[in-house]
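Participant: Sharing a structure below in structure tokens format, with a few things to ask.
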Amino acid sequence: MPQYLLSLIQPDGPVPPPEVLEPIMRDVAAVTERMHAAGAWVFSAGLHPAETATVVRPAGEDFLVTDGPYAEAKEHVGGFTVVEAEDLDAALAWGREVARATTLPVEVRPVASPGV
Amino acid sequence: MPDVRTPDVEAVFRESYGRAVAVLTRLLGDIDAAEEAVQDAFLTAVQRWPVDGVPPSPAGWIVTTARNRAIDRLRRESTRIDRYRAAALLAEPGPPPEEGAVRDDRLRMLFTCCHPALAPATRVALTLRLVGGLSTAEIAHAFLVPEATMAQRLVRAKTKIRDARIPYRVPTEADLPDRLAGVLAVVYLVYTAGHTASAGDRLVRTDLCAEAVRLARELAGLMPDEPEVLGLLALVLLSESRRAARVAPDGSLVPLREQDRTRWDADLVAEGQELVRHCLRRGTPGPYQVQAAIQAVHSDAPTAADTDWRQVLALYDHLLALNPSPVVALNRAVAVAEVDGPAVALALVDALDLPRSHLLPAVRADLLRRLGRDTEAAEAYDDALALAGNARERAFLERRRAEVAGG
């Protein structure tokens, strides 16, 4: 079954207050539950803010380690879910559910080589 | 020896390319492989038909030959998966598929080409290529981009369809209204690109208009029970009926009010109006049907002075309720000017915000001109000219500007 990566595009900045975050987390948990029930859930995770990221890049024989994130932007991937879906329409249906629960844009991208 | 020339193959090509690719895409599960097989079949036709004669059903012959070519190719390349696919193909019934099955494949292809996951310009190009059967060169020419650019755009789109698995399927009932609106928008975009391309020569645009009419007819044949599909067909037919009257001998644009209505194509008018009446009887109006009804009111008037502007305004009220956009509001203001006078319309236009479009200053200029406020009208024509890209529209605006500036 094809897999899709659903990336949550989160604006940088302070974490919303609990009264905003809690209902969102409940809605997200409910979506994850539905993914499990449908047998679509593969993996999901929320990430710490992009400013906690570190970049490692090859530099000849050695490696260069710098403060992240890799791309300068006002938004970064804040979390992701991998789902199994028969085609893009099915994946987009999950994407809509995640976008509705999180109130954030979701990038839906096909996985080229699952499990590699 | 039967007399068969290449033009016979070309005519069949244009007519049956989309049908054949649609059928083969379902059989092969891959658009590229389908196109390859169909092109193989046409090459064979070019060699065989001059010798053997044109077969009784050229389109069916192309599908059958393409299918056989695909089987040959899969056997030759013969990885295990391909052999499995060749076997699956052989299990398909041999004779050309029935009309109903072809129709379903044509619809699947349309919905795939117009999928919202593709960029709008890409949807238009893919639809012209895979449904309309236009060559990449023709599409590139119509949209004034280098052929290599268009070829790359089409390759990227087909790669996305394959890798992201954009389904080859007519959407479910729940998704159909949204997705159908997307398909209609693509066909209408082809028409407006031909009708008011922001640049480009006349010949090219005419081709796109004709292509849009063909696509709209095709869609109406495929989904005869969808009122908005018929509305779209009526709208493009009524617009198309005025093509000859819309352009002056010097190539400049002739506004509706000044068109020689005897030059309207009576057959297209009759067909469009009959469709509008048919839609009205169904009583489920949507934006395309209402726009078509507005055009039908204009088509009813033997001269511009005979136009039933109250009816036009009532229809614009309806359209604005369905689609509350500044462009609709602007067109409604034009009707208001005819019913309540240019001063009332000007107040409406001044309340609108439509940046980067020459339409708003052009309408404003015309209202100011009719109010005798020539200096302000000339300024508004300048604003419109600064934004208009189409040579014929520019010529029209310049002529009007000269009138108010000189008077």
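The values are calculated or read from the model by the stated rules, or taken from the named source; none is laboratory data. The model shown is predicted, which means the values in this text are computed figures rather than measured ones. Note that we place each Cβ from the backbone using ideal geometry, even for glycine, and neighbour counts take in every protein chain shown. Only protein heavy atoms, including side chains, enter the accessible area calculation; ligands, DNA and RNA are left aside. Shrake-Rupley method; radii C 1.70, N 1.55, O 1.52, S 1.80 Å.
Participant: So what's the projected area for the protein assembly as shown, the Cα convex hull averaged over all directions, in nm²?
Facilitator: 34.0
Participant: At a probe size of 1.4 Å, how large is the accessible area of B:Tyr168, to the nearest 10 Å²?
Facilitator: Around 50 Å² of this residue is reachable by solvent.
Participant: Which values, in whole Å and largest first, are the semi-axes of the equivalent ellipsoid of region A:3-110 obtained as the square root of 5 times each eigenvalue of the Cα gyration tensor? Mind dumping the intermediate values first?
Facilitator: Values: eigenvalues 154, 74, 24 Å².
That gives 28, 19, 11 Å for the three semi-axes.
Participant: What percentages make up the Cα-Cα pair-distance distribution of chain B when the bins are 10 Å wide from 0?
Facilitator: 5, 19, 28, 23, 14, 8, 3, 1, 0
Participant: Along the charge dipole of chain B, pointing to its positive end and built from +1/-1 on Cβ of Lys, Arg, Asp and Glu, which listed residue (B:Leu346, B:Ile139, B:Leu385) has its Cα farthest out?
Facilitator: Among B:Leu346, B:Ile139, B:Leu385, the one farthest towards the positive end of the dipole of chain B is B:Ile139.
Participant: Here's another thing I want to ask about it. Which of B:Gln259, B:Gln311, B:Gln47 ends up with the largest GNM mean-square fluctuation for chain B, with Cα atoms connected below 10 Å?
Facilitator: Its mean-square fluctuation being the largest, the pick is B:Gln47.
Participant: Using per-residue counts of other Cβ atoms within 10 Å, averaged over each peptide, order A:95-105, B:316-326, A:46-56 from highest down. Spell out each step's value before the answer.
Facilitator: Working: A:95-105: 17.0, B:316-326: 15.2, A:46-56: 12.1.
In decreasing order of mean packing, A:95-105, B:316-326, A:46-56 become A:95-105, B:316-326, A:46-56.
Participant: Additional query: From the phi of every residue in region B:153-159, what ³J(HN,Hα) in whole Hz does the Karplus formula 6.51 cos²θ - 1.76 cosθ + 1.60 yield, where θ is phi - 60° and glycine or proline is x?
Facilitator: For region B:153-159, the Karplus-derived couplings read 4, 5, 4, 4, 5, 5, 5 Hz, x marking Gly and Pro.
Participant: Right, another one. Give me the mean projected area, in nm² to one decimal, of the convex hull enclosing the Cα positions of region B:100-224.
Facilitator: Mean projected area for region B:100-224: 7.5 nm², to one decimal.
Participant: So the label point goes 7 Å from the Cα of A:Thr66 along Cα→C-beta, right? Which residues of region A:20-53 then have their backbone N under 19 Å from it?
Facilitator: Output list for this probe position: A:50-53.
Participant: How far apart, in nm, are the 7 Å Cα→Cβ label points at B:Val145 and A:Ala112?
Facilitator: Calculated label separation equals 2.3 nm.
Participant: Could you report the buried accessible area between B and A, both sides summed, computed with a 1.4 Å probe and given in Å² to the nearest 100?
Facilitator: Details: alone 19600 and 8080 Å², together 26990 Å².
Buried: approximately 700 Å² between A and B.
Participant: Pairs of alpha-carbon atoms within less than 8 angstrom and 6+ residues apart define the contacts here; what relative contact order does region B:100-224 have, in percent? The partial results should precede the final answer.
Facilitator: Numbers: 121 pairs, mean separation 35.6, N = 125.
Result for region B:100-224 is 29 percent.
Participant: For the Cα atoms of chain B, what angle does the longest principal axis make with the long axis of helix B:6-28, in degrees from 0 to 90, nearest 10?
Facilitator: Approximately 70 degrees, to the nearest ten.
Participant: Taking the Cα centroid of region B:369-392 and of region B:299-318, what is the distance between the two, rounded to the nearest whole Å?
Facilitator: Spelled out, the Cα-based centre of one part sits 25 Å from the other.
Participant: In nm, give the distance between the simple-model label positions of B:Ala210 and B:Arg277, each being 7 Å from the Cα along the Cα-to-Cβ direction.
Facilitator: Between B:Ala210 and B:Arg277, the simple spin-label model gives 3.0 nm.
Participant: When you count, for each residue, the other Cβ atoms within 10 Å and take the mean per peptide, how do B:381-394, A:65-78 rank with the highest first? Mind dumping the intermediate values first?
Facilitator: Values: B:381-394: 17.9, A:65-78: 12.7.
Per-residue mean Cβ counts within 10 Å order the peptides as B:381-394, A:65-78.
Participant: OK, next. Work out the length of the dipole vector of chain A about its Cα centre, built from +1 on the beta-carbon of each Lys and Arg and -1 on the beta-carbon of each Asp and Glu, and round it to the nearest 20 debye. Spell out each step's value before the answer.
Facilitator: On the way: 7 positive and 17 negative charges, 42 e Å.
Its charge dipole is roughly 200 debye.
Participant: Using a Förster distance of 45 angstrom, determine the FRET efficiency expected from the C-beta separation of B:Ala101 and B:Glu376, and round it to 0.05. If you can, show how the numbers build up before the last one.
Facilitator: Values: r = 62 Å, r/R0 = 1.38.
So the FRET efficiency works out to roughly 0.15.
Participant: Further, regarding this structure: At a Förster radius of 30 Å, what calculated FRET efficiency corresponds to the Cβ-Cβ distance of B:Ala314 and B:Thr262, to the nearest 0.05? Walk me through the intermediate numbers first.
Facilitator: Numbers: r = 28 Å, r/R0 = 0.92.
So, using R0 = 30 Å, E works out to roughly 0.60.
Participant: Relative to the longest principal Cα axis of chain A, at what angle does helix A:18-38 sit, 0 to 90 degrees, rounded to 10?
Facilitator: Approximately 70 degrees, to the nearest ten.
Participant: Given points 7 Å out from each Cα along the Cα-Cβ axis, report the A:Val20 to B:Arg76 separation in nanometres with one decimal.
Facilitator: Modelled inter-label distance: 6.2 nm.
Participant: Give me the number: length gained by fully extending B:Val51 to B:Val344, i.e. 0.36 nm times residue separation minus the C-alpha to C-alpha distance, one decimal in nm. Walk me through the intermediate numbers first.
Facilitator: Working: separation 293, 0.36 × 293 = 105.48 nm, distance 7.13 nm.
Separation in residues times 0.36 nm, less the Cα-Cα distance, equals 98.4 nm.
Participant: Ok, one more. Do any residues of region A:68-116 show a loss of at least 10 square angstrom of accessible area between the isolated chain and the full protein assembly, using a 1.4 Å probe, and if so which?
Facilitator: Output list: A:Glu86, A:Asp87, A:Leu88, A:Asp89, A:Leu92, A:Arg96, A:Pro110.
Participant: If r is the Cβ-Cβ distance from B:Ser357 to A:Thr103 and R0 is 25 Å, what FRET efficiency results, to the nearest 0.05?
Facilitator: Details: r = 32 Å, r/R0 = 1.28.
Rounded to the nearest 0.05, the efficiency is 0.20.
Participant: Can you give me the % of accessible surface on chain A that is carbon or sulfur? Probe 1.4 Å, all protein chains present, nothing else counted.
Facilitator: Details: 4530 of 7730 Å².
Of all accessible area on chain A, carbon and sulfur atoms account for 59 percent.
Participant: At 222 nm, what helix-only mean residue ellipticity would the protein assembly as shown give, in deg cm²/dmol to the nearest 500, using -39500 (n - 2.57) for each DSSP H run of four or more? Before the final figure, lay out the partial values.
Facilitator: Values: 22 runs with 329 residues, N = 523.
Mean residue ellipticity at 222 nm (helix-derived): -20500 deg cm²/dmol.
Participant: Please report how far the C-alpha centroid of region B:16-72 lies from that of region A:35-77, rounded to the nearest whole angstrom.
Facilitator: About 48 Å separates the Cα centre of region B:16-72 from the one of region A:35-77.
Participant: Please report, as a whole percent, how much of the solvent-accessible surface of region B:336-407 comes from carbon and sulfur atoms (probe radius 1.4 Å). All intermediate terms of the calculation are to be shown ahead of the outcome.
Facilitator: On the way: 1800 of 3560 Å².
Percent of accessible area from carbon and sulfur atoms in region B:336-407: 51.
Participant: Moving to a separate point now. Taking K and R as +1 and D and E as -1, what net charge do the other residues with C-beta under 14 Å from the C-beta of A:Glu75 add up to?
Facilitator: Values: positive: A:Lys74; negative: A:Asp12, A:Glu51, A:Glu72, A:Glu107.
Within the 14 Å Cβ shell, the charges total -3.
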